[in-house]
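The values are calculated or read from the model by the stated rules, or taken from the named source; none is laboratory data. Small disclaimer: the values here were computed from a predicted structure and weren't measured. Glycine gets a Cβ as well: all are built from the backbone with ideal geometry, and neighbour counts include every protein chain shown.
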Amino acid sequence: MNIDKIVPKEVKNIICYEVKTIEDRKSSEQIVKMDFNENFAAPADVIQKIVVEACKDVDVRAYPPPKGGLAVKAIADFVGFSDCEVSVANGADEIMDLLMKAFVRKGTKVLVAEPSFPMYTFFAELYGGTKVSAFLEPDFSLNVNNLLSKADKKTSLLFVCSPNNPTANQFPESDIKKLLNEFNGLVVVDEAYADFASGSVLNLVKDYDNLVVLRSFSKAFGLAGVRLGYLVADKQVVNYVQKVTGPFNVNVLTQRIVALALQQWSVFKERIDHVKQERDWLLSKLKELKGITVFPSDANFLLFKVTKDNLTSATVKQRLETRNVLVKDRGHLPLLENCIRVTVGTRSMNQAFLSALKQTLEE
Ligand SMILES: Cc1ncc(COP(=O)(O)O)c(C=O)c1O
């Protein structure tokens, strides 16, 4: 059978998002994993207890509460919205998928403030949409007028990631408000990293029916392996997203785990504050190094530019990898020539990274 004949054009054209896992690399050695913005400073013992308790609480012979109902209730209570203003999925990634599934088809344009998280483009194109880029300014600020000027009647969604991955900065609320007031479509603000920043636009959902805020349990809560993301939006938006969501999309263990984690928010919050302090420490140490320039951060990662002559970010990334430190090369992206993104880890991870980077720069 010629399978190519029956595959839709959008699926044929999409580039498979490949993720290199640790198993693909040297598995026996100690790897310092600072490439995916996970949170290894999250309280491992508390998380383990929560997972064990969740296992005891649930009966996995039964289907889970539909549409993640148990997690929806816990999250809605936590963020101060009603259940009908929250929708959950297997990570913020799947929330993006569902949003595009609900609002994007051939002919739809999706405007994205870039450079940013690549999955907006991936899912927009999967449903036949066209991504339109509006680039940040060289200092990574939003050019709101430029963004708005790129929107037309076919533009249904506008994505802004704040704090932005990979530039690490959070955009001012006044910028988001201007977009909400002037853009004739949904403004999706991806706040996967907002707990590491000083603010959030979550409460604006009460005033703007065109605002969708995305959140994730992968970063602040250190629950990347559990897979839970959510959106908060007007109930009409939530209704449409739920229409395209499978009946039992989120498993019962995940739902129970996030409900239990939210009950222990103060413990997680304390670790988040610790990551912020560690970020500031790492930033100050990177500032002392010759051959790189580091940018400020409102997230749990830092972006730095390799400025040493005849050295590229790709080479630095490779040399760090030979020293068992994994970081993300972002040097191929617009505005980010020779830039590398590094996750803030525990003090020992950060020290291992600093020492490997120093050796790399002196090589
Ligand atoms: C900006 C941004 N949004 C969303 C995600 C995906 O989050 P999740 O793990 O909940 O799918 C990531 C993951 O790195 C991210 O950087």
- Mind checking which residues of the range 105-128 are in a loop (DSSP other than H, G, I, E, B) and within 12 Å of the ligand (Cβ to nearest atom)? Pro115, Ser116, Phe117, Pro118
- Can you pull out the residues in the range 68-96 that are of a type in the set (Val, Ile, Thr), in a helix (DSSP H, G or I) and within 15 Å of the ligand (Cβ to nearest atom)? Ile75, Ile95
- Query: Do we have Val252 as within 16 Å of the ligand (Cβ to nearest atom), surrounded by 15 or more Cβ atoms within 10 Å (Cβ to Cβ) and in the same structural domain as Phe196 (by TED's automatic domain parsing) here?
  - Reply: no
- Qualifying residue in the range 283-294 (condition: under 18 Å from Ser216 (Cβ atoms), buried (at least 16 other Cβ atoms within 10 Å of the Cβ) and in contact (Cβ under 8 Å) with a residue 60 or more places away in the chain): no
- Message: Looking only at the range 194-235, filter to residues that are among the β-branched types (Val, Ile, Thr) and either within 12 Å of the ligand (Cβ to nearest atom) or without any contact (Cβ under 8 Å) to a residue 40 or more places away in the chain (or both); which one of those is nearest to Ile75 (Cα to Cα)?
- Response: Val213
- Message: Against the definition (away from the ligand (no atom under 16 Å from the Cβ), farther than 30 Å from Asn184 by Cα and surrounded by 20 or more Cβ atoms within 10 Å (Cβ to Cβ)), how does Val32 come out, yes or no?
- Response: yes
- Got a sec? Which helices (runs of 4 or more DSSP H) wholly within the range 233-342 have at least 1 residues that are in contact with a Pro (Cβ under 8 Å, 6 or more places away or on another chain) and of a type in the set (Phe, Trp, Tyr)? 265-287
- Looking at Lys49, is it over 25 Å from Asp207 (Cβ atoms) and assigned to a helix (DSSP H, G or I)? yes
- Item | Any chance Gly225 is in a loop (DSSP other than H, G, I, E, B), under 21 Å from the mean Cα position of the chain (by Cα) and under 28 Å from Gln48 (Cα atoms) | yes
- When you go through Glu173, Glu182 one by one, which is the residue that is closer than 15 Å to Leu147 by Cα, touching a residue at least 24 places away in the same chain (Cβ under 8 Å) and away from the ligand (no atom under 16 Å from the Cβ)? Glu182
- Task: For the range 97-104, indicate whether the set of residues that are part of a strand (DSSP E or B) and either in contact (Cβ under 8 Å) with a residue 12 or more places away in the chain or in the same structural domain as Arg215 (by TED's automatic domain parsing) (or both) is non-empty.
- Result: no
- Scan (1) within 15 Å of the ligand (Cβ to nearest atom); (2) closer than 20 Å to Gln48 by Cα for the single condition Ser266 breaks and write down its number. (1)
